[in-house]
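Engineer: Dropping a structure here in structure tokens format, bear with me for questions.
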Amino acid sequence: MKSVCVFHGADRKSGVTMMAQSVAEMVAAAAPEEKVLFVSMCGRKNAQYFRESAESIGLCRNRLESGLSILRSDIGSTSYLPNLSVLCGIQKESEVRSWMLDLARQMLREFRREFRVIVADTGSDLASGLAVGSLMEADETYFVLSQNEAALHRFEEEMPVYREAGIRWNGILLNRYSERDPYTMDYVQERLKIQGEKKYIVHMSERGRRAEMEYRTLAALGERGIVRDIQKIASDVMQTAEIMQSGEKGKRKWKNFVWKSI
């Protein structure tokens, strides 16, 4: 089964890009025989955790408008994970309104032909056709929150809009988590009436600034606790795509990826 997994956030500070790219890298490392794509489907370029040159989704739009298929060979792959391809977002933010939701959905359908797993970062903007189209096309949707009142309030305000569009959340991710913060997962779950959704916690990292400076994800830096947190999400993404996980063998592959990335 081919799967589109979308990460969306409460606001720009929730860490959507970091989480989505980390999960894509982890899935690619754990399943080297499968083709994985990380794509930015929001109104910004969003390539701040990627050190190599990457094609933009503008390439895909040009091919679709010319009646051509989107091929993995046109996108290329990363040097550190040969089965992982990366597409950054639009080059000019001023053009975001010309990217309609039908175009986003068509693009993701094309990606399904070439990749087993597509992980999309849709930012946090509800007015973005790229984001809404991707959420509508997704097999799994993850909402990323941080431990603050503004993020929870935004979630509460915008949920009716998502529901009206037919968008439901498969997972709620509480990012940069601190055990001492009053906004615990239990509190968030009760307040936001989280019931059937899966719940994830990714703890606050001591290496966040280093990751930004070195254009790498927290997953690639190999901080043990953070890796364990993200592994839970990556495992669910692989389960959705019906990719078999091989226990210790998979863990060794992930450790090798971390070692090569440092």
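Engineer: Please give the charge dipole size of segment 86-147, origin at the Cα centre, charges +1 on K and R Cβ atoms and -1 on D and E Cβ atoms. Round to the nearest 20 debye. Don't skip to the end; give the middle numbers.
Structural biologist: Values: 7 positive and 10 negative charges, 30 e Å.
That gives a dipole near 140 debye.
Engineer: Would you please classify the overall shape of segment 80-121 from the alpha carbon gyration tensor, given that a ≥ b ≥ c denote the square roots of the eigenvalues, rounded means a/c under 1.5, and beyond that prolate means a/b larger than b/c while oblate covers the rest? The partial results should precede the final answer.
Structural biologist: Working: a/c = 3.50, a/b = 1.50, b/c = 2.33.
Oblate is the answer for segment 80-121, as a/c is 1.5 or above yet b/c matches or exceeds a/b.
Engineer: Pop a pseudo-label 7 angstrom from the Cα along the beta-carbon direction at both ARG168 and ASN148 and give the gap in nm to one decimal.
Structural biologist: Inter-label distance under the simple model: 3.2 nm.
Engineer: As a quick test, which of the pairs LYS13/LYS193; LYS2/LYS92; LYS2/LYS232; LYS35/LYS232; LYS2/LYS198; LYS13/LYS35 have an alpha carbon distance above 26 angstrom in this structure? Please report the intermediate quantities before stating the final value.
Structural biologist: Details: LYS13/LYS193 23 Å; LYS2/LYS92 30 Å; LYS2/LYS232 19 Å; LYS35/LYS232 20 Å; LYS2/LYS198 21 Å; LYS13/LYS35 30 Å.
From LYS13/LYS193; LYS2/LYS92; LYS2/LYS232; LYS35/LYS232; LYS2/LYS198; LYS13/LYS35, over 26 Å: LYS2/LYS92; LYS13/LYS35.
Engineer: Give me the accessible area of HIS153, 1.4 Å probe, in Å² rounded to the nearest 10.
Structural biologist: About 90 Å², ignoring ligands and nucleic acids.
Engineer: Given an 8 Å cut-off on Cα distances and at least 6 residues of separation, report the relative contact order of the chain as a percent.
Structural biologist: The normalised contact order for the chain reaches 28 percent.
Engineer: Counting helices only, and only those DSSP H runs with n ≥ 4, report the 222 nm mean residue ellipticity of the chain as the sum of -39,500 (n - 2.57) divided by its residues, in deg cm²/dmol to the nearest 500.
Structural biologist: Helix-only estimate at 222 nm: -13000 deg cm²/dmol.
Engineer: On to the next question. Once phi is turned into ³J(HN,Hα) by the Karplus curve 6.51 cos²θ - 1.76 cosθ + 1.60 with θ = phi - 60°, what whole-Hz value does each residue of segment 177-184 show in order, with x for glycine and proline?
Structural biologist: Whole-Hz 3J(HN,Hα) from phi for segment 177-184: 7, 10, 5, 8, 6, x, 7, 6.
Engineer: Further question on the same structure: If you take every DSSP beta bridge fully contained in segment 1-149, what fraction is antiparallel? Give it as a percent rounded to 5.
Structural biologist: That works out to approximately 0 percent antiparallel.
Engineer: For segment 1-72, what is the accessible area per residue in Å² when the probe is 1.4 Å?
Structural biologist: On a per-residue basis, segment 1-72 sits at 36 Å².
Engineer: What is the spin-label model distance, in nm, from ARG224 to ASP186 if the labels are put 7 Å beyond Cα along the C-beta direction?
Structural biologist: That separation, rounded to one decimal, is 2.7 nm.
Engineer: Another question about this same structure. Tabulate in residue order the Karplus-calculated ³J(HN,Hα) for segment 13-21, using 6.51 cos²θ - 1.76 cosθ + 1.60 with θ = phi - 60°, rounded to whole Hz; enter x for Gly and Pro.
Structural biologist: For segment 13-21, the Karplus-derived couplings read 9, 7, x, 4, 4, 4, 5, 4, 5 Hz, x marking Gly and Pro.
Engineer: With N set to the number of residues, divide the alpha-carbon radius of gyration of segment 163-250 by 2.2 N^0.38 Å and report two decimals.
Structural biologist: 1.27
Engineer: Let me ask you something else. Put one equal scatterer on each alpha carbon of the chain, apply the Debye formula with no solvent term, and list log10 I(q)/I(0) at q = 0.11, 0.15, 0.16 1/Å to two decimals.
Structural biologist: Relative scattering, expressed as log10 I(q)/I(0), comes to -0.55, -1.07, -1.23.
Engineer: How much of the accessible area of segment 7-47, in percent, comes from carbon and sulfur atoms when a 1.4 Å probe is used? Intermediate values should be presented prior to the final figure.
Structural biologist: Values: 480 of 990 Å².
Taking all protein chains in place, segment 7-47 shows 48 percent carbon and sulfur surface.
Engineer: What shape does segment 1-130 have by the C-alpha gyration tensor, where a ≥ b ≥ c are the square roots of the eigenvalues, rounded means a/c under 1.5, and otherwise prolate means a/b greater than b/c and oblate the rest?
Structural biologist: Details: a/c = 1.55, a/b = 1.13, b/c = 1.37.
Taking the square roots of the gyration eigenvalues as a ≥ b ≥ c, segment 1-130 is oblate.
Engineer: Dipole of the chain (Lys/Arg Cβ +1, Asp/Glu Cβ -1, origin at the Cα centre): which of GLN21, ASN46, LEU108 lies farthest to the positive side?
Structural biologist: The Cα lying farthest towards the positive end belongs to GLN21.
Engineer: Just GLY123, GLY196, GLY15 to compare: in a GNM of the chain, with alpha carbon springs under 10 Å, which one fluctuates most?
Structural biologist: GLY196
Engineer: Could you give me the ³J(HN,Hα) list for segment 72-80, computed from phi with Karplus coefficients 6.51, -1.76, 1.60 and θ = phi - 60°, whole Hz, x at Gly and Pro?
Structural biologist: Listing the rounded values in order: 4, 5, 6, 7, x, 9, 7, 6, 8 Hz.
Engineer: Between SER77, SER53, SER178, find the one with the highest GNM mean-square fluctuation for the chain; connect C-alpha pairs within less than 10 Å.
Structural biologist: Among SER77, SER53, SER178, the largest GNM mean-square fluctuation belongs to SER53.
Engineer: Just subtract the alpha-carbon distance of LYS193 and LYS232 from 0.36 nm times their residue separation and send over the number in nm, one decimal.
Structural biologist: 11.8 nm
Engineer: Let me ask another. Label segment 1-77 by shape, choosing from rounded, prolate and oblate, from the square roots a ≥ b ≥ c of the eigenvalues of the Cα gyration tensor; if a/c is under 1.5 it is rounded, and otherwise prolate applies when a/b is larger than b/c, oblate when it is not.
Structural biologist: Oblate, since a/c reaches 1.5 and b/c is not below a/b.
Engineer: For segment 64-176, what D do you get in µm² per second when you plug the Kirkwood radius from alpha-carbon pairs into Stokes-Einstein at 10 °C and 1.306 mPa s?
Structural biologist: My calculation gives 100 µm²/s for D.
The values are calculated or read from the model by the stated rules, or taken from the named source; none is laboratory data. Everything numeric in this text was worked out from a predicted model, so none of it was measured. So basically every Cβ, Gly included, is an ideal-geometry build from the backbone, and we count neighbours across all protein chains shown. Only protein heavy atoms, including side chains, enter the accessible area calculation; ligands, DNA and RNA are left aside. Shrake-Rupley method; radii C 1.70, N 1.55, O 1.52, S 1.80 Å.
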